[in-house]
Amino acid sequence: MDDSTKHILQRLMRRIPSQMLQTMLGKWAHLSREDLHSLDFTQPKWVLTEHLLALCEENGLRVKHITELEMIYIIENPNQGMWHGFQLLDAEEDAPSIELTQFKEQFKANLTELISHVSIKIKKHTDEAIWIRVAWGDNFTKPYHLKPTYVVHHLQTPYVFVTGLTSKYKPLLNQALVLATRYGSMKDAHLSGRNLTAIRDLLMRQYQQVFPTKNPKPLQEKNPVPRNPNIEKEQAENTENRLQMACEAFGDGTLPQLQKAVYKLETKFRDNSNKTLTGREEPFRGVVEFASTNLLESLRHCVSSGMASTPVTPLLSSITQKGRNYFVITDKGV
Amino acid sequence: MEEARKGVLGHLNMLEMEANNLELKKQELRQRGRQEELNANLQALLSKRDQLKAEIKANTSLQKMRTLLDRTGFPYERNEDVDNLEDGSDNSQLLLMMARHTQLKDLLHAHHLIGGYDVLQTRKGKGVCVSLATAYEGVYLETYNLEIDLGSDLRIYRHNIPPFIPLERLVTQGNMQTDIKDFLDTLSQYLNAYAGRKQQLHLTKEIHSSVQVVESNALCTILVLMFTIPGEKAEATLCTLQYADHTQRLPTRVNIESEDTALVSSPQWKKNKALLLETPLHTALVTMKKTGSIA
């Protein structure tokens, strides 16, 4: 095993937390059972790393096996790094009937055509998601494995989720994906976050949405504030209405965990009391950012407790309705 | 002294008379007040009675109109009787509209009860919410919703239909603007077929644990299963089911591969192949287990 491979393995071992190490190595399945038993997981990590390096040398494992371990780790813990959502547009006739092997072949062929030194690994996860790991190289250098790009795609849906992609390789990846999925083009869905499951659930609408029904079952507030029965009786109808509107705008139950919503303003300044800024021709550039550990949950609570006015302003409800968290607001609209 | 007494007595008399007068006046006022109150009550009750009478009248004519409409069968067709009843005045036009409205509501309710879709008015009449229920083998599965904005053009602004159902394509192909019933019917077909295939897969996984699902996709149009053949050889057999028609719950192609080539061409397995094409997956597997084709 050459130095760069050792380096990759060492970096990877540092990244995987100690509690998960045993399960990961078990899933990796490139070490025999005796080898796995011989590893003592109570030792400090660097000792373990040395031992593992020795075992890998013995078994003649190479870079592609190490990257498999990395992929297993990332698939199990996808909620790290910054994920960006993309949407594929203009489906062609046979886009809905693409199947896995076809997609794999097409993607590999396209990408290797565009850039010759690239390492691609495609894996199908049990929940019908395709995971692709790409390590980029140049025409002259070998693929650089320390900064790979991960792509997640569900077949027959027009959405792609990417992390770790630099702008240099973005057009290449775009083209390969577009050709392999038989769509016309790919655009930025303006949705990003640290939590892959959250942005996936939001774009593919896999959270619990609420619609007006004839027999609404009463929606219960999960964390009721301390109550005064007289106030409650008077405000019962209002509270119910607000809760219904909040849930219709944002969803019911556990919501996808978004961390940020960014509104970039490019509108003209309107307040007449400020002498320096009024009357300028160019738009007033400002950025409003909402940040929270669980943004949708906090927005829903704002609406249901009355802090935000109802009906829910479309600026906020667009986060869930359009599935994005980056908006540019001009005078003509969003 | 007598003059003083006369004065006092006279004064007292005067006071008594005034008191009596006041009493009388008060009584009169009270009576008048009571009378006015009763009058007001009377007026209120009379107007209420007139209102109720008008409502009864409207309802009976509505009922008559409705029975006429029901008899004609279609709410859209004009009928001579209906035309005759219409004397062109605004009243009867309104009545006709109201009758049609109640008929439509009853029709929708019946449709909803048999598991079709249901339409609800939202946003004070500016939008509708269509709920499409899906069911398979008598069991209700997911309900999907569409919220449509009733502007000059119909526009779907919110829905919870999964992204692998080609909604935009159905909107343009099905002419949602002109023939919404056609669009909803096709959408319901796609959704019900998808729910049926998903349910078949779910039941297969639950009931037949010996059958391994090697590959499946979100739309449930491609399924690869691995069977174990009973016997000493116990070789793996792969069965690929393709559902090319997304509006159907049965596969369009079944492909069986096995290391034992004789198995594939045996009459028993040819029958199994036909069985998989014609019956739902989980029932087909039950039959195959009974005949001993698979473990």
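Before moving on, here are some points about what is shown:
- Positions within region A:95-108 being open to solvent by less than 20 Å² (accessible area, probe 1.4 Å) and at pLDDT 85 or above, in sequence order: A:F103, A:F107
- Extreme residue, nearest to the other protein chains (Cβ to nearest Cβ), among residues of region A:86-121 that are within 24 Å of B:A244 (Cβ to Cβ) and assigned to a strand (DSSP E or B): A:A91
- Residue count, region B:127-141 (criterion: assigned to a strand (DSSP E or B) and free of Cβ contacts under 8 Å to residues at least 40 places away in the same chain): 6
- Boolean, B:A218 is modelled with pLDDT under 85, open to solvent by 40 Å² or more (accessible area, probe 1.4 Å) and hydrophobic (A, V, I, L, M, F, W, C): no
- Of all the numbered requirements in (1) at positive phi; (2) open to solvent by 30 Å² or more (accessible area, probe 1.4 Å); (3) not aromatic (F, W, Y), A:D188 misses one, and that requirement is (1).
- Residue list for region A:109-121, filter: open to solvent by less than 50 Å² (accessible area, probe 1.4 Å) and closer than 18 Å to A:T67 by Cβ: A:L111, A:I115, A:V118, A:S119, A:I120, A:K121
- Restricting B:K6, B:K64, B:K26 to those that are part of a helix (DSSP H, G or I) and under 60 Å from the mean Cα position of the chain (by Cα) reduces the list to B:K64.
- Leading residue by the ranking (nearest to A:D201 (Cα to Cα)) among those in region B:163-189 that are within 13 Å of chain A (Cβ to nearest Cβ) and open to solvent by less than 60 Å² (accessible area, probe 1.4 Å): B:P163
- Residue, modelled with the lowest pLDDT, within region A:122-153, restricted to residues that are within 14 Å of chain B (Cβ to nearest Cβ) and open to solvent by less than 10 Å² (accessible area, probe 1.4 Å): A:A129
- Residues considered: B:L120, B:L94, B:L108. Of these, the only one that is away from chain A (no Cβ under 14 Å) and either over 22 Å from A:L202 (Cβ atoms) or assigned to a helix (DSSP H, G or I) (or both) is B:L94.
- Region B:237-263 residues that are under 19 Å from B:T279 (Cα atoms) and away from chain A (no Cβ under 14 Å), paired with ones that are of a type in the set (V, I, T) and open to solvent by less than 60 Å² (accessible area, probe 1.4 Å) (beta carbon under 6 Å, 6 or more apart): B:C239/B:I256; B:I256/B:V264
- Residues satisfying the stated conditions in region A:21-71, i.e. among the aromatic types (F, W, Y) and either in a helix (DSSP H, G or I) or out of contact with any helix residue (DSSP H, G or I) (no Cβ under 6 Å at 6 or more places or on another chain) (or both): A:W28, A:W46
- Yes/no for B:Y144 being under 18 Å from A:T213 (Cβ atoms), assigned to a strand (DSSP E or B), of a type in the set (F, W, Y) and more than 10 Å from chain A (Cβ to nearest Cβ): no
- Residue in region A:64-81 that is surrounded by 12 or more Cβ atoms within 10 Å (Cβ to Cβ), farther than 30 Å from A:Q257 by Cα and away from chain B (no Cβ under 14 Å) present: yes
- Neighbours by Cβ (under 7 Å, 6+ apart or cross-chain): first from region B:150-162, away from every other protein chain (no Cβ under 13 Å); second part of a strand (DSSP E or B): B:L150/B:G127; B:L150/B:V128; B:L154/B:I148
The values are calculated or read from the model by the stated rules, or taken from the named source; none is laboratory data. Bear in mind the structure is a predicted one, so any value in this text is a computation, not a measurement. Glycine gets a Cβ as well: all are built from the backbone with ideal geometry, and neighbour counts include every protein chain shown. The area values use the complete protein model at the heavy-atom level, side chains included, leaving out ligands, DNA and RNA. Shrake-Rupley method; radii C 1.70, N 1.55, O 1.52, S 1.80 Å.
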